[in-house]
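Report on the following structure.
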Amino acid sequence: MRSYLRRWPLLALLLVPGIAPAGDFVPPEVQFALQHLKSEERARAAQALGPLEDLPRYLVQLEVDPKARKVTGHLRVELSVRNRPLDAVHLRVTPNAFDPRVALSDVKVNGQPAKLQHPEDSLYRVQLDSPIAPGGSAVVELELEARVPRAQPGSTTLMGSLGNPGGAGGDYGAFAAMDDFVSLVGVVPLVPPLDASGNPWAGPTGVGDLALYEPSNVLANIIVPSGWKVHATGVPMGELPQKNGRIRYTFAAGAVRDFPVFASRGYQSATATVNGVTVESFFASRDVEVGRRVLKYASDALSEFERRLGPLPFKFFRVVEAPLSGGAGGMEFPGLVTVGTALYRGAGDPGSALEGMQGMGQMQQLLQAMGGDAAPFAQLGKTLERTLEFTVAHEVAHQYFAGLVGSDPINAPVVDESLAQYAALLYMEWKHGRAAAEQMRQEALVSSYHLFRLSGGKDAAADRPTSEFDDPLQYGALVYGKAPLLHHASRKLIGDEAFFKGLRSYVDTYRFKWTCGDCLTRELAKASPSNAKELERLRVHWWKETHGDEDLGQANMGALLGVGADGQELDPETKKLIEELLPGLLKE
C-alpha cells in the first residue's frame, strides 16, 4: 500500500490540469484535492486559511470487505507546523468512543517508529522525540484495521429507528453494517483541533454529533468488491478494476472538515446541477421515487441557501440514504449528508411507519377516527413528506453551519444545530410560504419541546456541552426544539432586512473559520445597532436560561388530540382509544 501511495504525486503531475510552475510549487496531491473547490472559492479559502498547500493533508488507502464487516488500510498525515511548537500529534477515532472498533498499528513519524498513547477511548497521541518548531512539518503514517458492528435491527422503519436513543453504540448507526450498506464514519483517524492550552477538543459523548476538524485536503482510494459502490466527500477521480475482481474508487476533497466513507450495493442515483454544483442523490432501489424527491428537495434548498447565504464552496454535494438509528433523521458532513432510510420508507408508504409498533391495529383505528372521511394514512403521509423535506433542508443547511462556518459540535452544539434548524424553517417559508413555515415551526420545534415536557422532562439551558444533557430526548427538545427560536425572536426584533443582512455577514465573516457562541448576535447587532443590548438579552434568555414553558406555552396534548380533522370534538370512542394507546395523555 505504501508504494502505491508514493506513486500518487507522479500520477497527479500527469492528470491534473494547470499544474503550477516550479517556482510556485503546489504538491500534486493538493492540486487534486483543490479540484473539489469552485475556482473562485480557492482564493476565498486561501484568504481565510493561508496557503492551501499548508492545510493538513491526508493520503488514505482503505479496503472494505462488507461480508466480513472488516476494513484494512493505511493512512499518511502530513502536518505543517504553524503557530507553536508541536510535541505530539493527536488522532481522533470516533468509532472507538463506544467500543474498540478500530485498531491502529505500525505508527511512524517522519519515517521513524513512534510510540502510540491512548489517553481516551477515541483519542490517540503520537509522541514526538523532540518538538517541531513552526515552519517545520511532521509526517505520520500508520496501519489500521476495523471491525464494523451490525446495524441496529429495525433501523429501516420509523418505529425501529426511534428505539434505543443514540442508536447502536451511541453513534446513531454512523459506524455500522447491513447486508447492502456499510457506514464507516470515523474510520479515517483525523487530527482534532486544539484549544488555547494545546489540548484536543472533546470527543463524542453518545449525544449529538461526533466531531469536527480543521479544514484539510484529502486524497483517498477505497477498494470494495465488484457490485459495490463507494460514497465519499470530494471529486470522484475514477473507478478502476483491480486484479482480484474488486473496484478502486478515488476521491479528492479540498478544505473539508471531515471525510466520511460509505459503501452500498444495489443503490440507484439521480443527479441535478445547481449553480455549478453537481447534486447527487443515492438511494436503495426500492426507494426510487422518494430518492428522486430527495434530490429535488436538496437542489431546491441549496438554491435558496446559495442565493441568501452565499455560494457553497464545493463542486459536488451528495445525499445518501442510510439506515440511521436512535431517532436520527440525518447526519451532516462537508459535501455529503445522509438521510435516514426510515424517512424514505415512511414517506413512500405511510402505513409502514407503524410497523413494529405495539398496538398497531388500534393506532390505525385512531388515525381513521381522527381523519374523518379521509383515508386513514393520508394525513400521516403528508406529515411524513413535510418531515422528509424539512430534514433534507436541515442537512443542506449544515453545509453552512458548521461545514463552512465552523463551530465546536461537542462543547457548543447549539451554535450550528439551532441555525441549521432555523435555516430549514426559512427554506420552508421561501419555498412554501409563511403559513407552511409556521406549521413546521409548531410540528418540528414547539411540539418537540412539548412532547419532552409531557414525558416528564425538565426544561434546562440549551447552550452547554453534549455531555451535560441527560439523554438524546432532552438534547433534541432543547437544542432542536427550543434553541432555534432565538433566531425567530431576533428576526422579529430587528426586522427581515437587518436580520438577513446580519446572517449573510456572519457567513461571509467566518467562512472557513471558527465561530463563537455570540458571534451571530454580534453580526446582527452590527446590522441593527440600536437593538444590540436586546439581541444579547434574547440570546441569554433563549440559550442560557429556562423560560421554555413561558415562551412556548404549557404542554397540552389533550387540546391537540382532543379535536378531530373537521375541528369538532372527538367522539367518546375515539377518546377511549387514545387513552388505551397513550394513558393519561388527554388529562389536563
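Derivation of every value follows stated rules applied to the coordinates shown; laboratory data play no part. No experiment lies behind these values; they were computed from the predicted model shown. When we count neighbours, we look across all protein chains shown, and the Cβ atoms used for this are built from the backbone with ideal geometry, even at glycine.
Residue exposure proxy: 289, 29, ordered by other Cβ atoms within 10 angstrom of their Cβ from fewest to most, comes out as 289, 29. In plain terms, the C-alpha convex hull of the range 379-475 casts an average shadow of 6.7 nm² when viewed from every direction.
Each DSSP beta bridge with both residues in the range 216-337 is either parallel or antiparallel, and the antiparallel ones are about 80%.
The label-point distance for residue 286 and residue 180, in a model that sets each label 7 Å from Cα toward Cβ, rounds to 0.7 nm.
Stretched out straight at 0.36 nm per residue, the stretch from residue 443 to residue 518 would grow longer than its current Cα-Cα span by 24.3 nm.
For the range 34-158, a Kirkwood hydrodynamic radius built from all Cα pairs, placed in the Stokes-Einstein relation at 25 °C and 0.890 mPa s, yields a translational diffusion coefficient of 145 µm²/s. Averaging the Cα positions of each part gives two centres, and for the range 472-517 and the range 376-421 these lie 13 Å apart. If R0 is 56 Å, the Cβ-Cβ spacing of residue 537 and residue 118 corresponds to a FRET efficiency of close to 0.80. For the range 379-507, the dipole from Cβ point charges (+1 on Lys and Arg, -1 on Asp and Glu) about the Cα centre works out to 400 debye, to the nearest 20.
Exposure proxy ranking for 321, 443, based on other Cβ atoms within 10 angstrom of each Cβ and starting from the fewest, stands as 443, 321.
With all pairs of different alpha carbon atoms counted, what Kirkwood hydrodynamic radius in Å does the range 164-228 show? Provide the component values of the computation, followed by the final result.
On the way: mean 1/r = 0.0696 Å⁻¹.
One over the average 1/r among Cα pairs gives 14.4 Å for the range 164-228.
By the count of neighbouring beta-carbon atoms within 10 Å, fewest first, 543, 514 end up ordered 514, 543. Roughly what percent of Cα-Cα pairs across the range 400-555 reach past 26 Å? Everything past 26 Å amounts to 22 percent.
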